[in-house]
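Visitor: Once you've had a glance at the structure underneath, I'll fire off some questions.
The values are calculated or read from the model by the stated rules, or taken from the named source; none is laboratory data. This is a predicted model, so every value here is computed, not measured. Here Cβ is always computed from backbone atoms with ideal geometry, including for glycine, and neighbour counts include all displayed protein chains.
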Amino acid sequence: MKNIEYIKEDLKKSIGEKLYIHSINVMNTAVDLASYYNISTEKAKIAGLLHDSGKLLNQNVGNLEHAVYGSKIVANKYEINDTDVINAILYHTTGRENMTMLDKIIYIADKIEPNRKYDGVELLRELAYSNIDKAIIKSLESTFEYLKSKNIEIDSKSITTYEFLKNNIR
């Protein structure tokens with residue numbers, strides 16, 4: 001695996017300042033959540049930093065497709081072969097059934113990092129530290145409302161994630 005400083009420098013040059021700052025914020029939020037939920041902060045740091053690395057290939061990659069590209073980039077370009085990290089990046093836009101805690105952390109950290117400003121983000125920030133499943137459900141509900149208002153089709157993986165969490169909430 002390439003070291004974290006190399007990855008940061010490479011990202012800074014490759015994805016532009018705005019996306020780089022977002023990636024650093026997601027990384028820091030993910031590390032805080034990982035510490036709170038007592039899982040590997042190192043994995044959270046790497047996955048948070050690289051969650052949008054799929055946008056390296058093309059800034060115009062679709063909102064869902066960049067996660068797939070990103071999971072390949074981290075393995076190939078940055079020599080990361082940790083399945084947990086790769087999956088957290090792969091599923092950070094849609095989620096999946098039986099998400100690991102790292103998957104959940106990267107998913108919600110992307111939605112609540114400090115520069116995110118939208119109706120309901122404060123509630124999501126609170127929920128992320130009290131019941132991460134409820135935070136993801138609430139985030140998905142907001143996303144569904146937005147997509148419906150724009151007449152955009154909802155991804156089937158997101159629906160499956162939502163239904164799974166609703167049926168298995170802790």
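Visitor: Enumerate the pairs (first residue in region 19-36 and assigned to a helix (DSSP H, G or I); second residue anywhere and of a type in the set (F, W, Y) and surrounded by fewer than 17 Cβ atoms within 10 Å (Cβ to Cβ)) with beta-carbon separation below 7 Å, excluding pairs fewer than 6 apart on the same chain, so at least 6 apart or on different chains.
Guide: Here the result reads Y36/Y129, each pair linking region 19-36 to a residue that is of a type in the set (F, W, Y) and surrounded by fewer than 17 Cβ atoms within 10 Å (Cβ to Cβ).
Visitor: Just to be sure, is G70 buried (at least 20 other Cβ atoms within 10 Å of the Cβ), under 20 Å from L127 (Cβ atoms) and of a type outside the set (F, W, Y)?
Guide: No; evaluated as a whole, the condition is false for this residue.
Visitor: If you don't mind, there's one more thing I want to ask. Taking F164 and the conditions (1) aromatic (F, W, Y); (2) surrounded by 18 or more Cβ atoms within 10 Å (Cβ to Cβ); (3) in contact (Cβ under 8 Å) with a residue 60 or more places away in the chain, which numbered condition does it fall short on, given that it satisfies the others?
Guide: Unmet condition: (2).
Visitor: So which of G70, G54, G62, G95 ends up being modelled with pLDDT under 95 and at positive phi? Write out each step before concluding.
Guide: Details: G70 fails: at positive phi; G54 fails: at positive phi; G62 fails: at positive phi.
Being modelled with pLDDT under 95 and at positive phi holds for just one of G70, G54, G62, G95, which is G95.
Visitor: So, one more: Return the pair list, or none, for Cβ contacts closer than 8 Å from residues in region 134-157 that are farther than 16 Å from G95 by Cα to residues that are aliphatic (A, V, I, L, M), at least 6 apart or on different chains.
Guide: Sorted first by the residue in region 134-157, then by its partner, the pairs are L147/I154; K148/I154; E153/L147.
Visitor: May I pose another question? Go through region 15-40 and count every residue that is surrounded by fewer than 15 Cβ atoms within 10 Å (Cβ to Cβ) and in contact with a helix residue (DSSP H, G or I) (Cβ under 7 Å, 6 or more places away or on another chain).
Guide: 2
Visitor: Related question: Could we say that I108 is over 15 Å from G54 (Cα atoms), in contact (Cβ under 8 Å) with a residue 12 or more places away in the chain and within 9 Å of the chain's Cα centre (by Cα) here? Spell out the reasoning first.
Guide: Values: over 15 Å from G54 (Cα atoms): yes; in contact (Cβ under 8 Å) with a residue 12 or more places away in the chain: yes; within 9 Å of the chain's Cα centre (by Cα): yes.
Yes.
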